[in-house]
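Presented below is the structure to which this report refers.
What follows is calculated from the coordinates using simple rules that are stated; it is not laboratory data. Note that the structure is predicted; figures quoted are calculated from it, not measured. Cβ atoms come from the backbone with ideal geometry, glycine included; neighbour counts cover every protein chain shown.
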2 protein chains.
Amino acid sequence: MKKSAERLEKIDLEAVEDIAVGAALLGTGGGGDPHVGKLMAIQSIQKNGPVKLIDVEDVPDDALVVPVAMMGAPTVLVEKVPSGREIFNAFESLQNFLGKEVFAVLPIEAGGVNSMIPIMVAAEKKVPLVDVDGMGRAFPELQMVTYHLFGISATPMVLADEKGNSLLLKTINNFWTESLARNATVVMGGSVMIAIYPMTGKQVKQAGIRNIVSYSAQIGRVIREALKRGDDPIEALLKATDGIPLFKGKISDVIRRTTGGFVRGEAYLDGIDQYKGESFTINFQNENLIALRNGKVVATVPDLICVVDAHTGLPITTEGLRYGQRVFVLGIPCDEKWRTEKGIQTVGPHYFGYDVDYIPVEELNLQ
Amino acid sequence: MKKSAERLEKIDLEAVEDIAVGAALLGTGGGGDPHVGKLMAIQSIQKNGPVKLIDVEDVPDDALVVPVAMMGAPTVLVEKVPSGREIFNAFESLQNFLGKEVFAVLPIEAGGVNSMIPIMVAAEKKVPLVDVDGMGRAFPELQMVTYHLFGISATPMVLADEKGNSLLLKTINNFWTESLARNATVVMGGSVMIAIYPMTGKQVKQAGIRNIVSYSAQIGRVIREALKRGDDPIEALLKATDGIPLFKGKISDVIRRTTGGFVRGEAYLDGIDQYKGESFTINFQNENLIALRNGKVVATVPDLICVVDAHTGLPITTEGLRYGQRVFVLGIPCDEKWRTEKGIQTVGPHYFGYDVDYIPVEELNLQ
């Protein structure tokens with residue numbers, strides 16, 4: 001991840017627009033649609049004023065911080081509008097259970113919705129947002145966070161649905177959390193709101209991925225300004241992210257199925273411009289997992305595979321992929337925390353069932 | 001239900017034997033195997049001494065009482081031995097969450113295991129057991145209790161497994177509780193321990209089915225004493241329960257499948273003695289639901305359909321049914337609370353998918 005992001009100090013309506021776009025890009029197809037997410041955060045900021053964004057170093061070591069998020073298949077969220085109360089229900093239930101004030105909230109991952117939910121909670125609960133997350137991207141399962149790599153428990157966690165049901169989990173490990181929570185999510189209608197991985201300031205400093213909110217805002221801003229100036233947004237995006245061009249093409253087919261609480265599928269692309277005559281495939285499970293150009297692997301998890309509109313540079317989520325769209329695909333190197341042995345074991349291509357060893361995207365695409 | 005049961009005041013090792021047998025009979029095939037259940041309660045009484053059994057009238061109106069039980073397919077419990085800790089985990093988690101001392105525990109239903117678990121908890125936690133339950137028999141789903149008929153919420157409830165995982169549910173109604181808890185039970189391996197329907201003394205006096213523990217003990221004692229004297233235990237059993245003879249036969253086939261957290265199936269019987277040449281079928285979902293003699297309905301839920309060994313009078317659970325067994329089947333009228341409109345709607349034959357109207361077992365079998 002590019003470390004040069006300027007620190008943002010408060011999140012106002014303009015910053016929300018930029019963060020939603022930037023986080024949707026880092027969401028690599030998952031983490032929810034930025035339009036849905038933005039609406040939720042904008043309402044809260046209009047009502048309560050801007051949100052204070054603090055550096056992870058400004059969290060006291062013994063303070064309690066809590067990531068809040070949506071869990072489930074993002075396609076469901078598009079159709080199933082949250083009541084707006086369930087995330088506060090999750091937050092309050094967890095705070096009550098822990099018997100300690102939450103000092104600040106944070107995103108669990110990047111993504112159009114999951115970058116916005118913590119902003120909404122921060123605004124309503126009048127607590128700061130910490131400029132840190134647990135992925136530096138988005139991943140489909142609960143144990144796929146850097147907190148897990150550092151032995152931090154996902155529980156106690158709370159799931160809450162829009163009807164008013166909630167569930168507090170305490171598990172012996174993060175795989176049981178994933179299994180029980182995923183199942184409950186399906187029973188609860190496919191998507192729920194969660195408060196998870198309650199941590200101390202000390203833990204989040206050690207295990208989190210820093211400056212992710214500022215970085216998302218920077219990506220969004222770079223695209224917005226390039227479009228405003230009439231510059232090529234893709235060029236600006238590649239520069240801002242140290243991104244690696246993987247393909248430019250027209251979507252010829254998308255296969256998508258919602259099973260077991262996930263959206264799984266494949267997108268097929270036919271090359272255009274400099275890629276004319278070439279083919280490209282992306283496999284996804286909520287997030288883009290592996291990309292092949294002319295049958296050869298050019299990027300895999302945990303590196304980021306990002307699909308953007310070929311003209312505007314704006315990110316397209318897996319549920320937004322449509323036949324005939326002209327898109328650009330870029331790869332972005334993941335955070336170094338994922339490139340460890342435990343990181344690759346947790347989120348590498350083998351875990352997702354691909355018989356492919358992880359090779360960093362920049363090595364796979366040496367010119 | 002026969003109301004003449006002598007009040008038992010303490011539960012010692014002999015009472016445990018009688019209660020396990022009597023409760024297994026009232027369990028109508030479900031509620032767990034008495035051998036497994038007994039072992040758990042005996043250990044606790046040996047260690048902590050007898051359990052005090054109190055009348056429901058002796059519970060203060062504002063005291064907190066909590067039913068504790070096993071949930072899941074009873075066939076699973078036979079293979080999956082509880083660690084012994086999970087029921088205390090469930091009890092303690094619920095007590096901590098409610099922030100109030102539990103005054104006494106009670107059974108949620110009759111049954112070989114579910115009559116014993118509250119005895120075990122009472123012994124270990126040194127609280128009394130209340131002589132009341134929520135069914136006067138056993139039923140397969142969580143909303144199938146008289147507490148539900150009186151508008152009492154099943155949640156907050158806790159599920160705990162033998163591995164150490166637990167789950168606290170808060171739902172908007174008891175059907176959501178059933179759905180979420182059933183699903184979690186399947187993920188947790190098919191059977192879990194639960195603490196559910198936390199209630200006040202006032203509520204349990206209004207909604208509970210009284211003297212059920214004493215009544216179970218009386219049934220067990222009647223069978224035991226008849227066998228000791230060399231009398232016919234079936235005759236004694238019919239007399240003790242106001243039971244109605246439905247059939248005597250040899251099991252010719254049992255079909256049993258564990259799906260969705262339940263054991264569903266059918267048992268087929270060929271008549272012997274006075275029923276020679278006749279046929280009998282019992283359909284069950286954990287518990288016996290409907291019985292047909294020569295194709296004609298002779299008993300349905302909520303009345304009790306009890307299968308006992310034709311020689312010993314000892315109850316046989318649905319998981320204990322075996323080809324070639326000689327059994328006697330009796331019907332027992334259910335508690336009046338079930339014979340209300342809401343009662344029949346909640347646990348009558350229509351709810352279980354049978355296109356049959358409920359007619360009391362004594363009317364179906366007028367001689």
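Side notes on the structure shown:
- When the pairs B:LYS47/B:LYS126; A:LYS170/B:LYS38; B:LYS202/B:LYS342; B:LYS126/B:LYS205 are compared against a 18 Å limit on Cα-Cα distance, A:LYS170/B:LYS38; B:LYS202/B:LYS342; B:LYS126/B:LYS205 fall above it.
- Computed lengthening from A:TYR354 to A:ASN294, 0.36 nm per intervening residue step minus Cα-Cα distance: 19.9 nm
- Nonlocal amide H pairs with A:GLN325, under 5 Å, H built at 1.01 Å: A:ILE251
- Helix B:174-187 and the longest principal axis of the C-alpha atoms of chain B enclose an angle of approximately 90°.
- Length-normalised contact order for chain A - Cα pairs under 8 Å, 6+ apart - percent: 21
- Percent of Cα pairs in the protein assembly as shown per distance bin of 10 Å, from zero to the largest separation: 3, 14, 21, 19, 14, 12, 10, 5, 1, 0, 0.
- As a rough guide to protection, the peptides B:350-360, B:110-120, B:53-63 ranked by mean Cβ packing within 10 Å, highest first, stand as B:110-120, B:53-63, B:350-360.
- Other residues lying with their Cβ under 12 Å from the Cβ of B:ASN283 contribute a combined charge of 0, Lys and Arg counting +1, Asp and Glu -1.
- Here B:MET135, A:MET144 are placed in order of increasing Cβ neighbour count within 10 Å, fewest first, which gives A:MET144, B:MET135.
- When the trypsin sites (Lys or Arg not before Pro) in segment A:287-361 are filtered for DSSP coil states and for at most 14 other beta-carbon atoms within 10 Å of their beta-carbon, the remaining sites are A:ARG322.
- With R₀ fixed at 51 Å, the C-beta to C-beta distance from B:ARG85 to A:GLU235 puts the FRET efficiency at about 0.25.
- Estimated translational D of segment B:295-334 in µm²/s (Stokes, Kirkwood radius over Cα pairs; 4 °C; 1.567 mPa s): 118
- Copies compared at A:ARG7 - label distances in nm, ascending, label defined 7 Å from Cα in the Cβ direction: 7.2
- Fraction of alpha-carbon pairs over 23 Å apart in segment B:253-367 - percent: 27
- Paired Rg and Dmax values of chain A, which use every Cα atom, in angstrom: 18.9, 61
- Residue mean of other protein chain beta carbons inside 10 Å, A:171-180: 3
- Inter-chain shielding of B:351-364 (mean C-beta neighbours from other protein chains, 10 Å cut-off): 0
- Calculated [θ] (222 nm, deg cm²/dmol) that DSSP helices of n ≥ 4 give over chain A, each run adding -39,500 (n - 2.57): -9500 deg cm²/dmol
- Exposure proxy ranking, count of Cβ atoms within 10 Å, fewest first, for A:LEU25, A:LEU366: A:LEU366, A:LEU25
- Cβ charges +1 (Lys, Arg) and -1 (Asp, Glu), total dipole of segment A:10-212, debye: 340
- Considering the rotation that superimposes chain B on chain A, the residue of B whose beta-carbon lies nearest the axis, and that distance in Å, is B:LEU168, 2.
- Partners for A:LYS239 among lysines (Cα-Cα distance below 20 Å; same-chain residues under 8 apart left out): A:LYS2, A:LYS3, A:LYS228, A:LYS248
- Segment B:160-203: C-alpha gyration tensor shape, a/c 1.5 cut-off, then a/b vs b/c: oblate
- Cut-off under 5 Å, modelled amide H: who pairs with A:LEU304 long-range: A:ILE332, A:CYS334
- Cα Rg over Rh - segment A:133-275, Kirkwood: 1.06
- The same position A:GLU278 in the other copies lies at 8.2 nm from this copy, comparing label points 7 Å beyond Cα toward the beta-carbon, shortest first.
- Placing +1 on the Cβ of every Lys and Arg and -1 on the Cβ of every Asp and Glu, with nothing else charged, gives segment A:234-364 a dipole about its Cα centre of roughly 380 debye.
- Global dimensions of segment A:10-212 from alpha-carbon coordinates: Rg and Dmax equal 14.9, 42 Å.
- Taking the charge dipole of segment B:160-234 about its Cα centre, with +1 at Lys and Arg Cβ atoms and -1 at Asp and Glu Cβ atoms, the residue from B:VAL187, B:ALA207, B:THR171 reaching farthest to the positive side is B:ALA207.
- Evaluating 6.51 cos²θ - 1.76 cosθ + 1.60 at θ = phi - 60° for every residue in segment A:191-200, the Karplus couplings come out as 8, 9, 9, 9, 10, 8, 6, x, 9, 8 Hz, glycine and proline recorded as x.
- Rounded to the nearest 20, the size of the Cβ-charge dipole of segment B:132-285 about its Cα centre is 400 debye, with Lys and Arg at +1 and Asp and Glu at -1.
- Among B:VAL68, A:VAL298, B:VAL263, a tally of other beta-carbon atoms within 10 Å of each Cβ gives an order, fewest to most, of A:VAL298, B:VAL263, B:VAL68.
- Sorted shortest first, the distances from the B:GLY295 label point to those of the same residue in the other copies are 6.5 nm; each point sits 7 Å from Cα along Cα-to-Cβ.
- Local electrostatic count at B:ARG85 - Lys and Arg +1, Asp and Glu -1, tallied over other residues with Cβ under 12 Å: -4
- Computed from label points 7 Å out along Cα-Cβ, the spacing between A:ASP12 and A:LEU366 is 4.8 nm.
- Neighbour net charge for A:GLU57 - beta-carbon separation under 14 angstrom, K R +1, D E -1: -1
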